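Written below as structure tokens is the structure these notes are about.
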Amino acid sequence: MTDTVHLAIYDTLADWEIGFATAHINSGAWQRQPDHFEVVTVGETRDPVTTMGGLRLTPDMAVADLDPAGSAMLILPGADTWLAGGNEVFVDAARAFLDAGVPVAAICGATGGLAAAGLLDDRPHTSNAREFLEATGYRGSAHYREAGAVTDGDLITASATAPVDFARAIFARLGLYEPETLDAWYKLYGQGDPAGYFELVASTTA
């Protein structure tokens, strides 16, 4: 498996939706193979973008140079641009990744973009709300699940209000942590239980 996780970035990107995932992928802490993965940002071009939180980010590469064969996963954050029908190039990239058997993780508005393109019509998924996706005209309503995050093979979808669940699903699909380590991580960050920290330490030092 390649050690590169690609993160799509575009104007109005929702900062909070990806922070747990990217920070822990890059940090190497508690991982099976420390520092094995790195996050590389991908823009429509190499021009800087500005997130919803006002952070100015410069993409590491342009989407035209993105090849599923050189990636472990493509992460698609939410953004206001999805609501205006933007980011089509990243929908195309997602389709290419899924066709190649490389995972795609989409949250919030990005799920709307995938739904509008028909990529959620035939597989279990979630989003901000069923009605949010139905507004795109998609045909996958019967496969909608009321959950923070849903994994169906190579596709992860999540609600904007579930960034921790999104991160947990990403870590699980990448095989980032041992199962007991991932459980402890979620206990700490997802359930707010301080005991999770000590279980994290124990799971990686035993």
Ranked by how many other beta carbons lie within 10 Å on average, peptides 75-83, 45-53 from highest: 75-83, 45-53
Entry for percent of Cα pairs over 32 Å apart (calculated from the structure that is shown) out of (1) 34; (2) 13; (3) 24: (2)
Local electrostatic count, Lys187, Cβ distance below 11 Å [Lys/Arg +1, Asp/Glu -1]: -3
Extension gain, Thr161 back to Met52 (0.36 nm per residue minus Cα-Cα distance, nm): 37.7 nm
Rg and Dmax [Cα atoms of the stretch 30-136; Å; Rg one decimal, Dmax integer]: 14.5, 42
Accessible surface, per residue, of the chain when the full set of protein chains is kept, probe 1.4 Å, Å²: 44
Cα Rg, Dmax, the stretch 151-194, angstrom units: 10.6, 32
Helix-only mean residue ellipticity at 222 nm for the chain, each DSSP H run of n ≥ 4 adding -39500 (n - 2.57), per residue, nearest 500: -10000 deg cm²/dmol
Percent antiparallel among DSSP beta bridges (both partners in the stretch 1-76, rounded to 5): 15
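Taking R0 as 35 Å, what's the FRET efficiency between Val201 and Asp3 from their Cβ-Cβ distance, rounded to 0.05?
0.90
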For the stretch 173-194 and the stretch 13-77, distance of Cα centres in Å: 21
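The values are calculated or read from the model by the stated rules, or taken from the named source; none is laboratory data. Keep in mind it's a predicted model, so treat the numbers as computed, not measured. Note: ideal-geometry Cβ built from the backbone for every residue, glycine included; neighbour counts use all protein chains shown. The protein model used for the area step is the full one, side chains on, heavy atoms only, and it has no ligands, DNA or RNA in it. Shrake-Rupley method; radii C 1.70, N 1.55, O 1.52, S 1.80 Å.
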